[in-house]
Amino acid sequence: MARKKELLPKILETGANELEIIDFRMYELLDDGSTYEWILGVNVAKVKEVIFKPKDIIKAPGLPSEAEGLAKIRGQMIPIISLAKWMKIKEPYNSGKYVIVMEFLRETVGVIVHEAKRIRRIRWADIKRPPKSIDEKLGGKVVGVVEIEDNKLLLLLDFEGILDELGMIKIFGIEEIERIEGIEKKGRFKVLILDDSPVARKIIRKILEKDGHTVFEAQNGIEALQMLHKWLEEAKTTGRDITDYVQLIISDIEMPGMDGLTFTRKVKEDTEFSKIPVIINTSLSDRANVDKSRFVGADAHLVKFDAPDLVKLVHQYAISK
């Protein structure tokens, strides 16, 4: 029996295509003595907590110059990054009192910010591409902008990209791909990956191509559906099947335009596309997201980025041709 939406637990509802972000501020002291306010944001799902800047930050070798050092947070030593140093801005006196503790791609870091304002709930559809001048100013690490009150722009930062730039992203097990045990490799496949993070797409592509697969990329569910419909039209014209063009889909959850859960539901509800296996690949490992993935019909769920596990799931679920 189909589950009625009104009986569906709130935790499993999909299609709202919304997210919550922490609105935080950085203040830049300009040459004329005035102060510019940077309005920035990060997905709440990536944030573990916001704390006062630790007093005991230990200098440590091997960290990038943007790092203040290491601090013990909840019993764990984590790197503390100065966002002002990464942004290359001059800070007003006595700024940088807060640290946002975040987890990205299995890495926990603290980022020093000037002020944590509030939590905002926004729609993915309201996130627009950043103006070129702003994106260039922040090294191409702005994933989108949202207009807020007084016609101001809030910039969503690509912290995964920032950490990758600083050399702080590790791919677990990438060197083990060619000697993974306990798996029967069924062949080489055509895989469509969806992720709004260029860094995440680069990492997944590296893992899959190292294992011999062909990779297609989309930034969100809208782009991916367009690709699927194009392949389907070509398949019908040539008398082929859609699975000749793609044998597996690997999707992130949180993406602008159309999130991965909405995309997966649309794929699994479509009689032409439903045969294509979908793996949800996300940095969010909590039970709620696993349950959501199952509810929309995803075939498997994987936490970024465990190369051996990803390869195993590819060979387990991809359609052999």
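The values are calculated or read from the model by the stated rules, or taken from the named source; none is laboratory data. Since we're looking at a predicted model, the values are computed, not measured. Here the Cβ positions follow ideal geometry from the backbone for every residue, glycine too, while neighbour counts run over all protein chains shown. Just the protein is used for accessible areas: all its heavy atoms, side chains included, with ligands, DNA and RNA removed. Shrake-Rupley method; radii C 1.70, N 1.55, O 1.52, S 1.80 Å.
Would you mind telling me the antiparallel percentage of the DSSP bridges in the range 121-262, rounded to 5?
Beta bridges within the range 121-262, antiparallel portion: roughly 40 percent.
In percent, how large is the relative contact order of the chain, given Cα pairs closer than 8 Å and 6 or more residues apart?
16 percent
Estimate the FRET efficiency between Gln226 and Lys55 by the formula 1/(1 + (r/R0)^6), using the beta-carbon distance for r and 45 Å for R0, to the nearest 0.05.
With a Förster radius of 45 Å, E is 0.30.
Take the solvent-accessible surface of the protein heavy atoms, probe 1.4 Å, and return the percent of it on the chain that carbon and sulfur atoms account for.
47 percent
For the residue pair Arg120 and Lys88, what label-to-label distance in nm results when each label sits 7 Å from Cα along the Cα-to-beta-carbon direction?
Modelled inter-label distance: 2.6 nm.
For the range 19-97, what does the accessible surface come to per residue with a 1.4 Å probe? Please give it in Å². Provide the component values of the computation, followed by the final result.
On the way: 4460 Å² over 79 residues.
Here the residues of the range 19-97 average 57 Å² of exposed surface.
Mind giving me the FRET efficiency for Ser274 and Glu107? R0 is 25 Å, r the Cβ-Cβ distance, nearest 0.05 is fine.
0.10
In 5 Å bins starting at 0, how do the alpha-carbon pair distances of the range 111-150 split up by percent?
Percent of Cα pairs in each bin: 5, 18, 20, 24, 27, 6.
In the structure displayed, which of Lys48/Lys88; Lys137/Lys304; Lys46/Lys141 lie more than 24 Å apart, Cα to Cα?
The answer is Lys48/Lys88; Lys137/Lys304.
Starting from 0.36 nm per residue, how many nanometres of slack lie between Ile134 and Asp31 once their C-alpha separation is accounted for? Walk me through the numbers on the way to the answer.
On the way: separation 103, 0.36 × 103 = 37.08 nm, distance 1.89 nm.
Taking 0.36 nm per residue and subtracting the Cα distance, the gain is 35.2 nm.
Compare Ser251, Ser65 by solvent-accessible area with a 1.4 Å probe and give them largest first, with all protein chains kept in place.
Output order, biggest surface exposure first: Ser65, Ser251.
Please report the net charge: other residues with Cβ closer than 10 Å to the Cβ of Gly161, K and R +1, D and E -1.
Numbers: positive: Lys141, Lys202; negative: Asp158, Glu160, Asp164, Glu165.
Result for the local shell: -2.
DSSP loop (so not H, G, I, E, B), at most 15 other Cβ within 10 Å: list which trypsin sites (Lys or Arg not before Pro) in the range 71-102 pass both filters.
In loop regions of the range 71-102 (DSSP not H, G, I, E or B), the sparsely surrounded trypsin sites (Lys or Arg not before Pro) are Arg74, Lys88, Lys90, Lys97.
Determine the dipole magnitude for the chain: charges of +1 sit on the beta-carbon of Lys and Arg, -1 on that of Asp and Glu, nothing else is charged, the reference point is the Cα centre, and the result goes in debye to the nearest 20.
560 debye
Tell me the volume per residue, in Å³, of the convex hull enclosing the alpha carbons of the chain. It would help to have the intermediate numbers written out before the result.
Details: hull volume 53.4 nm³, N = 321.
With only Cα atoms used, the chain gives 166 Å³ per residue.
I need two numbers for the range 209-276: Rg to one decimal and Dmax as a whole number, Cα atoms only, in Å.
For the range 209-276, the Cα-based Rg and Dmax read 12.2, 35 Å.
Grab the other residues whose beta carbon is less than 15 angstrom from that of Met87, score K and R as +1, D and E as -1, and report the net. Walk me through the intermediate numbers first.
Details: positive: Arg25, Lys85, Lys88, Lys90, Lys137, Lys141; negative: Glu28, Glu37, Glu66, Glu68, Glu91, Glu115, Asp135, Glu136, Asp158, Glu165.
Residues near Met87 contribute -4 overall.
Given a 1.4 angstrom probe, what's the average accessible area per residue across the range 200-321, in square angstrom?
Working: 4830 Å² over 122 residues.
Accessible area per residue, the range 200-321: 40 Å².
Note the full-extension length gain between Ile148 and Lys206 as 0.36 nm times their separation in residues minus their Cα-Cα distance, in nm to one decimal. Walk me through the numbers before you get to the answer.
Numbers: separation 58, 0.36 × 58 = 20.88 nm, distance 3.73 nm.
That works out to 17.1 nm of additional length.
May I ask what percent, to the nearest 5, of DSSP beta bridges between residues of the chain are antiparallel?
Values: 42 of 64 bridges.
About 65 percent, rounded to the nearest 5.
I need to check one value: relative contact order of the range 82-131, counting alpha carbon pairs closer than 8 Å and at least 6 residues apart, in percent.
This gives 32 percent for the range 82-131.
Helix-derived [θ] at 222 nm for the chain: sum -39500 (n - 2.57) over DSSP H runs of at least 4, divide by residue count, nearest 500?
-7000 deg cm²/dmol
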